[in-house]
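Below: one structure, written as structure tokens.
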Amino acid sequence: MEQLVKKAKRHNKEAFEDLMQAQAQNMYKVAKAILRNDEDVLDAMQETALTCWEKIGSLKQDRYFKTWMTKILINHCNEICRQRKYMAPGEEIMERGAQEESFINVEWDDFLNCLDQKHRTVVILYYVQGFKTREVAEMLKVNESTVRSRLAAARDKMERAYERGGMAGGRKFGARA
């Protein structure tokens, strides 16, 4: 990945496209955890790609591209959330029913739905994306202890939801997925 970043910094479009393509699934998961609406997710991903292209020269260490890009993505997602607050009621369209999902995705979505945005975000960044708590804290501009407490609270909420029988599956949380 660092080689692609080096090439992209020299404004090699193909290298940049390959880099963004390699990160597309990770970007989608993070944005979906925050925004929950595919249209907004795609908007955030496009804005992130544009910002990354324009500012890739400001990336100090190539090995931190994924962290840098994810931070930009989260900022775009937060901006979309702020814009949504000013929308008239009823303008937002939820699209879940039309999507075909596998059992695993439905189960994971059920677990994530029991969490609010701040908890969903840290769960996705830590468990799914594999970032360290320090990196998550930097991205979200919070203390590392805040990230750890949000992870603990999220695990507790998901476990309580599981025990109430609201979800399929059968394992407790605490270990990395």
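The values are calculated or read from the model by the stated rules, or taken from the named source; none is laboratory data. Source: prediction; values computed, not measured. Cβ sites come from the backbone with ideal geometry, for glycine too, and all protein chains shown count toward neighbours.
Below are the figures for this structure:
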read-out	value
Residue within the range 122-144 that is farther than 19 Å from Asn26 by Cβ, at pLDDT 90 or above and assigned to a helix (DSSP H, G or I) present	yes
Test result for Ala49, over 21 Å from the mean Cα position of the chain (by Cα), in a helix (DSSP H, G or I) and either assigned by TED's automatic domain parsing to the domain that holds Lys141 or buried (at least 19 other Cβ atoms within 10 Å of the Cβ) (or both)	no
Test: residue in the range 18-41 that is modelled with pLDDT of 90 or more and more than 19 Å from the chain's Cα centre (by Cα)	yes
